[in-house]
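So the structure is just underneath, and the comments pick up after that.
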Amino acid sequence: MIPWTQQATRRGERVARPRTGEMPIQHVRAADDDWADLDTASDGRRPEVVREFIRWYLRRPGSRLPDRPPVTDWPAARLAAAQEWFSSLGHDIDPESVEPGEADRPQWRCRKCGSHVSVGAKGKAQSPSGSARCPRGLADEGPSASRQA
């Protein structure tokens, strides 16, 4: 049985992944806000953009500089995306009603069930209810909505 990734046996030795031929994951340290902004700006294609940049920087044949998105307030875009995602689950929030949450991150509470949504340190929306639909939101939509789900 071939493992997903093989470990080097000697210091400095490189071992390719059996299935893809790519090198093992390399770690790049950057501020959490920068990683979150890059993820938001690239629509979740962060690894692909970093690989494109590396190939361009090294002047590899056929490589090109990755396209840059228009200038945006990335933290505000993440907050809006979190609110939209939470609302899509049937939760009813007032975007203007912000309360301090864990680590002083802003959070919004559902007016129907009391659950809340916030944006974590890595820039992802998080809620104690996970991706569960609002139980009271389904009740307000009627029995036909619960049959469709």
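Of note:
- Test: residue in region 44-51 that is surrounded by 11 or more Cβ atoms within 10 Å (Cβ to Cβ), among the β-branched types (Val, Ile, Thr) and outside any loop (DSSP other than H, G, I, E, B): yes
- Number of the exception - THR20 against (1) modelled with pLDDT of 85 or more; (2) over 17 Å from the mean Cα position of the chain (by Cα): (1)
- Candidate set from region 68-91 (those that are closer than 21 Å to ASP37 by Cβ and open to solvent by 70 Å² or more (accessible area, probe 1.4 Å)); member that is modelled with the lowest pLDDT: VAL71
- Selection from region 92-148 of residues that are modelled with pLDDT under 75, of a type in the set (D, E, K, R) and not in a helix (DSSP H, G or I): LYS122
- Residue in region 32-40 that is assigned to a helix (DSSP H, G or I), loosely packed, with under 13 Cβ neighbours inside 10 Å and touching a Gly at 6+ places or on another chain (Cβ under 9 Å) present: yes
- Failed item, numbered, when ALA77 is tested on (1) part of a helix (DSSP H, G or I); (2) more than 24 Å from ALA30 (Cα to Cα): (2)
The values are calculated or read from the model by the stated rules, or taken from the named source; none is laboratory data. Bear in mind the structure is a predicted one, so any value in this text is a computation, not a measurement. All Cβ positions, glycine included, derive from the backbone under ideal geometry; neighbour counts span all protein chains shown. What goes into the accessible areas is simple: the full protein's heavy atoms, side chains included, and nothing from ligands, DNA or RNA. Shrake-Rupley method; radii C 1.70, N 1.55, O 1.52, S 1.80 Å.
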